Amino acid sequence: MKRAARKIARHIELFSLARWWGIVLKEFLQLKRDRITFAMIIGIPILQILLFGYAINSDPKHLPTAVIAADHSEFSRSFIAGLKNSDYFAISAEHLSEAEAQSALARGEIQFMVNIPADFSRRLVRGEHPALLVEADATDPMATGMALSALQQLAAAVAARDLKGVLNPQARQAAAFAPQDPFEIRIHRRYNPEADTHYNIIPGLMGVILTMTLVMLTGLAMTRERERGTMENLLATPVTPIEVMSGKIMPYIAIGLIQASIILIAARYLFNVPFAGSLPTLYLIILIFVTATLTVGITLSSIAQNQLQAVQLGFFYFLPSLLLSGFMFPFRGMPQWAQIIGEVLPLTHFNRLIRGILLKGNSWPELWPEIWPLLLFIAVAMGIAVKFYRRTLD
Amino acid sequence: MNADAFQYAIDVRGLNKHFGPRHVVRDVSLKVGRGEIFGFLGPNGSGKTTSIRLMCGLLTPDSGEGTCLGYDILSQQAEIRRHVGYMTQRFSFWEDLTLRENLDFIARVYAMPDRRNCVERTLEELGLSARARQRTGALSGGWKQRLALAACMLHKPKLLLLDEPTAGVDPAARRDFWEELHRLAAEGISILVSTHYMDEAERCHKLAYIAYGKLLAQGTAAEIVAAQPLRTWSIHGRNLAALSQELRQKEGVAQTVVFGDLLHVSGDNPALLEQSVRRAVESAPEKVRCEQIATSIEDVFIYMMNRSDGEEGSPGEHG
């Protein structure tokens, strides 16, 4: 009877709101005084978004292009002139053989190879719907995506201007006897058939920035106490592990939301990323992701012996997140084992969620399959953190 | 429920603790009565801090048992934390918080009723109201120590564990500090205080001496001195350093200490000691005189430490 009562009493004491609030206040005050950390919180998102957004141009121009014109017709000349006039293509070689051009493409010397077959204009005139062959080095899909869509328009414009009579697409459309274009542009995206859109990078960047800064910041939270000797004091008080852990991450949740807002504003007004979905949903998702990331940090912090170790462990977490989450490389292009690791990482799910909300306007039914893995992750990570938190100095 | 039923504030038996291959605390048993100031002495690395941490539940002993304020040190560590005030050896409050913020945090985690007043009163009693908004890191050593004591007293603990609270504090501040301790003890608060200073040892009700993890003596200062067969002679004169060196080689002499114009010579065989001292005095190049004096607690402690030296290795050298 007595023992049961004591057990209940101890259970109730596991979490006291007053004690927890004490820790939250203390962390806020300490954070406020830590100027460098504060600068990092604001500086890193701005720096990264500007670097990724501007310096790393997702819409590159003047890409080296080889033209193999076996067909010396009026149309070919006009098409090549059009290419030259467009900003996207820089004709670097006009007199290569196909084999030479192929190896130049393989070496990465040229980005595109435009092949106008020998009988192109003859077949065009006959209305045989010939194909213009374009091979693109799509290892970096962002490098080629815009140029390729420009190419389509260019070809259409050349066709509209140069082709007369029934071959002219406008005339044909007016006549309404053939819905087809007079010729086809056959694009081979070499080396990487799945071409991601350039909008991927800015939303993806949010998760990367949050992961990097928040894991680092909370990673230091516990080890700092240990290194400064204040941990002994904290342990001597009645605070419980769950109070310390959750209290310590509270200020960083606020910081995560501030960082996310900075990135969202930049995405909207600097990079014109579309906002297809609902903003409250977006913030709720960000909140869940921030919490998941912070539990990782606090777990690393309770495992690490000192601040240096915490930073090192942070990198062990950050690198796989960066590489295997689908931010750097298309997720479906990764081998099976890498996908399995990727599925565990919160950043993978967050990338899908935020792209889903911003670009596709997804709502709860589509989002849920990516949300529950995050929630599960939080529960497991927090469990590990509490288990590793040493109540004693042993 | 059993908070007031205990007889001893601390009652531990056979505590042992290893850190890797080092046996840091060996079979330590001690009892601290209520309202008693209990001095815990020993050289650096002798296991004082570890013993204190074992008693307040910050470390788990490898073997041994006991109670602290009637709570079991093995199973009721949470209750012990709530009722014990522990002042760490190294200043362990948050230096980037102000004085008031530190006290406020402590008051919150102990869920003090009337928190605000409690903090203000403490600041006033410390005489630090004017500096309440100052960063704690900017305080001098003496003030830090006073703040630490005030903070660990904030939740009105019945037992204080103070780990070398006066290390690096000037003599006047130390005197004030001890007056405060005696005032608290008079209110019925039990205090275990570790120290290096012999003058402080003499201000304790009871003492324990620990060296190399082993408790060598326990009791009042007089009891400890009486329990040892140590006799001491005092030699007055000049150039005592050479005499001290010479005497140390002699039969019956355990240790010699020079205090300016005084030389204390101690030994555990009264007859041999007297013989050696008298011969040395007679053969001294300058005129010196000698007399037998009461053995001091310091002489006893140094004697005990030298005697236990080397037994079962010397783990103290690493700590």
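Worth a mention:
- Of the criteria (1) of a type outside the set (Lys, Arg); (2) in the same structural domain as residue B:7 (by TED's automatic domain parsing); (3) at pLDDT below 90, which one residue B:157 fails: (3)
- Going through (1) in contact (Cβ under 8 Å) with a residue 60 or more places away in the chain; (2) assigned to a helix (DSSP H, G or I); (3) within 12 Å of chain A (Cβ to nearest Cβ); (4) among the polar types (S, T, N, Q) one by one, residue B:102 falls short only on (1).
- Hey, residue A:305 exposed (fewer than 14 other Cβ atoms within 10 Å of the Cβ) and over 25 Å from the mean Cα position of the chain (by Cα) or not: yes
- Exactly one residue out of B:69, B:58 is surrounded by 20 or more Cβ atoms within 10 Å (Cβ to Cβ), at the interface with another protein chain (Cβ under 9 Å from one of its Cβ atoms) and of a type outside the set (Ser, Thr, Tyr): that is B:58.
- Qualifying residue in the range B:114-122 (condition: facing chain A (nearest Cβ under 9 Å), β-branched (Val, Ile, Thr) and under 27 Å from residue B:9 (Cα atoms)): no
- Condition met for residue B:46 (more than 11 Å from chain A (Cβ to nearest Cβ), under 16 Å from residue B:208 (Cα atoms) and either at pLDDT 90 or above or outside any loop (DSSP other than H, G, I, E, B) (or both)): no
- Count - residues of the range B:254-268 that are free of Cβ contacts under 8 Å to residues at least 24 places away in the same chain and within 13 Å of residue B:303 (Cβ to Cβ): 1
- Residue match in the range A:350-365 (condition: in contact with a His (Cβ under 8 Å, 6 or more places away or on another chain), away from every other protein chain (no Cβ under 14 Å) and of a type outside the set (A, V, I, L, M)): no
- Filter result for residue A:298 (of a type outside the set (Phe, Trp, Tyr), buried (at least 24 other Cβ atoms within 10 Å of the Cβ), under 18 Å from residue A:378 (Cβ atoms) and in contact (Cβ under 8 Å) with a residue 40 or more places away in the chain): yes
- The single condition among (1) farther than 30 Å from residue A:231 by Cα; (2) surrounded by fewer than 17 Cβ atoms within 10 Å (Cβ to Cβ) that residue A:347 does not satisfy is (2).
- Here residue A:92 does not fit the description of being out of contact with any Cys (no Cβ under 6 Å at 6 or more places or on another chain), surrounded by 13 or more Cβ atoms within 10 Å (Cβ to Cβ) and in contact (Cβ under 8 Å) with a residue 40 or more places away in the chain.
- If you go through the range B:86-99 and keep only what is part of a strand (DSSP E or B), under 27 Å from the mean Cα position of the chain (by Cα) and either closer than 19 Å to residue B:142 by Cβ or more than 9 Å from chain A (Cβ to nearest Cβ) (or both), you end up with just B:87.
- Of all residues in the range A:323-369, exactly one satisfies the criterion of being under 16 Å from residue A:204 (Cβ atoms) and out of contact with any helix residue (DSSP H, G or I) (no Cβ under 9 Å at 6 or more places or on another chain), namely A:333.
The values are calculated or read from the model by the stated rules, or taken from the named source; none is laboratory data. On a predicted model such as this, the values are computed, not experimentally measured, just so you know. Glycine gets a Cβ as well: all are built from the backbone with ideal geometry, and neighbour counts include every protein chain shown.
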